[in-house]
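Structure, as structure tokens:
The values are calculated or read from the model by the stated rules, or taken from the named source; none is laboratory data. Bear in mind that the values here come from a model prediction, so they are computed numbers and not experimental data. Here the Cβ positions follow ideal geometry from the backbone for every residue, glycine too, while neighbour counts run over all protein chains shown. Protein only, heavy atoms only, side chains kept; ligands, DNA and RNA dropped before computing areas. Shrake-Rupley method; radii C 1.70, N 1.55, O 1.52, S 1.80 Å.
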Amino acid sequence: MRPGPGGCCCRRPLRANGCVANGEVRNGYVRSSAAALGQVYHVTQNGGLYKRPFNEAFEETPMLVAVLTYVGYGVLTLFGYLRDFLRYWRIEKCHHATEREEQKDFVSLYQDFENFYTRNLYMRIRDNWNRPICSVPGARVDIMERQSHDYNWSFKYTGNTIKDVINMGSYNYLGFARNTGSCQEAAARVLEEYGVGVCSTRQEIGNLDKHEELEKLVASFLGVEAAMAYGMGFATNSMNIPALVSKVGCLILSDELNHASLVLGARLSGATIRVFKHNNMQSLEKLLKDAIVYGQPRTRRPWKKILILVEGIYSMEGSIVRLPEVIALKKKYKAYLYLDEAHSIGALGSRGRGVVDYFGLDPEDVDVMMGTFTKSFGASGGYIGGKKELIDYLRTHSHSAVYATSLSPPVVEQIITSMKCIMGKDGTTLGKECIQQLAENTRYFRRRLKEMGFIIYGNEDSPVVPLMLYMPAKIGAFGREMLKRNIGVVVVGFPATPIIESRARICLSAAHTKEILDTALKEIDEVGDLLQLKYSRHRLVPLLDRPFDETTYEETED
């Protein structure tokens, strides 16, 4: 039997990434004595690279469910065209934006067909999104009640408030989004001293001592030489990637499920973009090999720079990047690595320092460490960490650094205080307790949902929990039924996900107590029975064994 890339061979019971398997290996998975309970553990066959268990599950969509989902979208599309026909002949009142007759000769500002989905599918379930919250986004929130009398085209507030809704949708991983405690007190003191706004860029007169303190603290937290803070997490990616790579001789290898900010940054750079299958190291290595062997299109000259873009936790899949393998490939083929830790920083690792800490790796192996303050730190903005030469370069070449207004001082103090708490520099163990609580909540919640029979995607240590809904009608029904039971959840459908993989995305927090989680689980169980959402048959598809086509996508060429 051929050994895997890590030198392991699957003839005997083996330790897969540190995970003991007392059973047989089938199709890339170890089935132990617990298999009867549906517990299936992933074998990456790279045991030498991993220092801890790495258990991810992506259960196959049942065939009947997939067919019914396509039929559901087909019926909605047919009725959508019928309603558009009725609107055209003014039989049905038209609510959507249209251009005036005298403007028809100009360049079209409104692409009517492109908004077909918005008019006829999204509008039916629009009440599940943009719900106005009027409290701190903690474990429980207050939601302003609203009603629609024109099928969700517009809303009116009733004046009532839905109190104490269990919040299962915010990225408040460590529970620092609150209006009491040390973070709030520190931010209030800085607000009194510095005010709210800076009204200038860092390069002019907007560089405060607080900004300098924050960047030194971030560098220490990440274990890198230097760091730089930005006022917006999205712009940290979209404005810095173009400063790192350009159209001339640069290649970007991007995971197919990367966030829109990474995709936009890659496109703005003008570099050639090739996409590899999600978390699939075979697909990534093939692209790296092709890049080395064939070089640039037409000229066949060697690439000047190859940049790999990955995320720590993928926010729609709940999966964790296979960072040890990515780093091994990066070193093997002399590429650069850009790691987006927006969701993983604070939420993963025994010290809360992200996916690098989670796998016990050296931060120096990651060339560009990016993250945001908007989630685990309960604030706003983003950062980039790495070598001092990198940060000095970005200070003068990044549009996000040169032209953007500096971070608000109270926000900076919120980040500093919460980060010191995580590091234990505040003299308490609160940060460590929050990290441990989040890990316990994550494992408990995921295990209970699987026991109930739901299909749950992602890694067992990921606080992002996608609960699969599939059918379009169940997207709106699940969100509404949960709100009726005083639980707020985020539901997601096409085009944000594949058309047959609509889901509810649950985000766990250290602020959730066991009582809150048990209440949420009880209601989810009830709604799951009501809407028949318990699809699981424990037929898992190994991520590394998924087939991938050998096409490389070149969005831009020299």
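If you count the DSSP beta bridges with both ends in the range 182-423, what percent of them are antiparallel, to the nearest 5? Each step should come with its number before you reach the end.
Numbers: 11 of 29 bridges.
In the range 182-423, approximately 40 percent of DSSP beta bridges are antiparallel ones.
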Legend entry - Span from the the range 139-214 Cα centroid across to the the range 486-514 one, whole angstrom: 21 Å
Legend entry - Ellipticity estimate at 222 nm from DSSP helix runs (n ≥ 4, -39,500 (n - 2.57)) divided over the chain, nearest 500: -11000 deg cm²/dmol
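For the range 295-410, rounded, prolate or oblate, judged on the Cα gyration tensor with a ≥ b ≥ c (square roots of eigenvalues), a/c < 1.5 rounded, else prolate if a/b > b/c?
Details: a/c = 2.03, a/b = 1.21, b/c = 1.68.
In terms of gyration-tensor shape, oblate.
How much length is gained on full extension from Thr299 to Asp209, taking 0.36 nm per residue of separation minus their Cα-Cα distance? Don't skip to the end; give the middle numbers.
On the way: separation 90, 0.36 × 90 = 32.40 nm, distance 4.96 nm.
My answer for the length gained is 27.4 nm.
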Inset, instruction - Quick one: grab Rg to one decimal and Dmax as a whole number for the range 182-423, Cα atoms only, in Å. - result: 18.0, 61
Inset, instruction - On the protein heavy atoms, probe 1.4 angstrom, tell me the percent of accessible surface of the range 182-423 carried by carbon and sulfur. - result: 54 percent
Inset, instruction - Let me have the relative contact order for the range 236-292, percent, based on Cα pairs under 8 Å that are six or more residues apart. - result: 38 percent
Inset, instruction - Choose one of Leu257, Gly175, Gly378: the residue whose Cα lies farthest towards the positive end of the charge dipole of the chain (beta-carbon charges +1 Lys, Arg; -1 Asp, Glu; about the Cα centre). - result: Leu257
Legend entry - Dipole magnitude of the chain, debye to nearest 20 (Cβ charges: Lys/Arg +1, Asp/Glu -1, about Cα centre): 1280 debye
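Could you compute the net charge surrounding Ser148? Neighbours are other residues with a C-beta less than 14 Å from the C-beta of Ser148; K and R count +1, D and E count -1.
Values: positive: Arg124, Arg126, Arg131, Arg146, Lys156, Arg480; negative: Asp127, Glu145, Asp150.
Residues near Ser148 contribute +3 overall.
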Inset, instruction - Would you pull out the residues with amide H under 5 Å of Tyr470's amide H, same chain only if 5 or more places away, H placed 1.01 Å from N? - result: Ser502, Arg503
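Find out how many positive minus negative residues lie around Gly181, taking Lys and Arg as positive, Asp and Glu as negative, among other residues whose Cβ is under 14 Å from that of Gly181. The partial results should precede the final answer.
Values: positive: Arg178, Arg189, Lys420; negative: Glu185, Glu413, Asp426, Glu433.
After counting each charged neighbour, the total is -1.
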Inset, instruction - Output the peptides 205-213, 173-181, 227-235 sorted from most to least packed, where packing is the average of other Cβ atoms within 10 Å over each peptide's residues. - result: 227-235, 173-181, 205-213
Legend entry - Solvent-accessible heavy-atom area per residue, rounded to whole Å², over the chain at 1.4 Å: 46 Å²
Inset, instruction - Assign one of three labels to the range 379-428, namely rounded, prolate or oblate, based on the Cα gyration tensor with a ≥ b ≥ c the square roots of its eigenvalues; rounded applies when a/c is under 1.5, prolate when it is not and a/b is larger than b/c, and oblate otherwise. - result: oblate
Legend entry - Exposure of Val198 as accessible area (Å², to 10), given a probe of 1.4 Å and all protein chains: 30 Å²
Legend entry - Among (i) -0.32, -0.95; (ii) -0.43, -0.91; (iii) -0.48, -0.92, the entry derived from the coordinates for log10 I(q)/I(0) by the Debye sum over Cα atoms at q = 0.06, 0.10 Å⁻¹: (i)
Inset, instruction - Between the alpha-carbon centers of the range 233-255 and the range 50-67, tell me the distance in whole angstrom. - result: 31 Å
Legend entry - Net charge of neighbours whose Cβ lies under 13 Å from the Cβ of Met316, counting Lys and Arg as +1 and Asp and Glu as -1: -3
Inset, instruction - Quote the relative contact order of the range 182-423 in percent (integer), defining contacts as alpha-carbon pairs under 8 Å separated by 6+ residues. - result: 31 percent
Legend entry - Listed residue (Ile133, Thr513, Ala66) projecting farthest to the positive dipole end of the chain, Cβ model: Ala66
